[in-house]
């Protein structure tokens, strides 16, 4: 069943809020397992420092790599040298994920605390990274470094064999976000619908409708 059909079915029930949490996390899990799902790619927002006392939002597209329905966590991968890692340190890990599917007009915002992992969990994640995707971690220069050239920098040297690709593990990190709250919005024809979900340390969930 598609994303829109699943939420339409839920909203047609007598108590939609009872199933809201389950459907959202089932949909996220589906997004983490297939690139054809509308929630397989999202925008990750962090806070960037622009001066001594100046800050601004910083966003980029990331791939949803894993979703844990029990622990309420979502994962993505990054290069440890990327700006987002420093931004996470600056904000104490505070992040916001944003998913939006234009054809259904369903939006999902996840707020939580992200942790950069470089342990056995990161080792396991690295083993699952396809050879072609490992090229993203094989740059000799820092991601985002300015290049003074008429042409974009060449990346052909990053496409190597399996054994050579292992050098990328040094730069690879798993980033796991512990979700604290969810804001779900459906711009439905005939009336918009919005709901809020909040999680505490006791694994309880507070779900309520919001004015859209």
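Coordinate-derived values only; no laboratory data. Treat the numbers as computed from the prediction; the structure is a model and nothing was measured. Note that we place each Cβ from the backbone using ideal geometry, even for glycine, and neighbour counts take in every protein chain shown.
Over the range 99-212, what is the mean sequence separation of C-alpha contacts under 8 Å (at least six apart), divided by residue count, expressed as relative contact order in percent? Reported as a whole number, the value is 33 percent.
Rounded to the nearest whole angstrom, the semi-axes of the ellipsoid equivalent to the range 1-73, taken from the Cα gyration tensor as √(5λ), stand at 31, 15, 12, largest first. Return the whole-Å distance between the Cα centroid of the range 144-205 and the Cα centroid of the range 62-121. About 5 Å separates the Cα centre of the range 144-205 from the one of the range 62-121.
Taking 0.36 nm per residue of separation and subtracting the Cα-Cα distance, full extension of the segment from residue 163 to residue 71 would add 29.7 nm.
Stretch residue 196-residue 145 to full length: gain in nm at 0.36 nm per residue minus the Cα-Cα span? Result for the pair: 14.4 nm of gain on full extension. Please list, by residue number, everything in the range 165-192 whose backbone N is under 13 Å from a paramagnetic label point 7 Å out along Cα→Cβ of residue 8. Under cut-off, by backbone N: 188-190. Residues 21, 119 in ascending order of nearby Cβ atoms (within 10 Å, fewest first): 119, 21. For the pair residue 80 and residue 43 in one chain, pulling the backbone fully straight at 0.36 nm per residue adds 11.5 nm over the alpha carbon distance.
Paramagnetic label reach from residue 205 (point 7 Å along Cα→Cβ; backbone nitrogen cut-off under 13 Å): within the range 14-49, residues 16-29. Contact order, relative form, for the range 21-164: 18 percent (alpha carbon pairs under 8 Å, 6 or more residues apart, mean separation divided by residue count).
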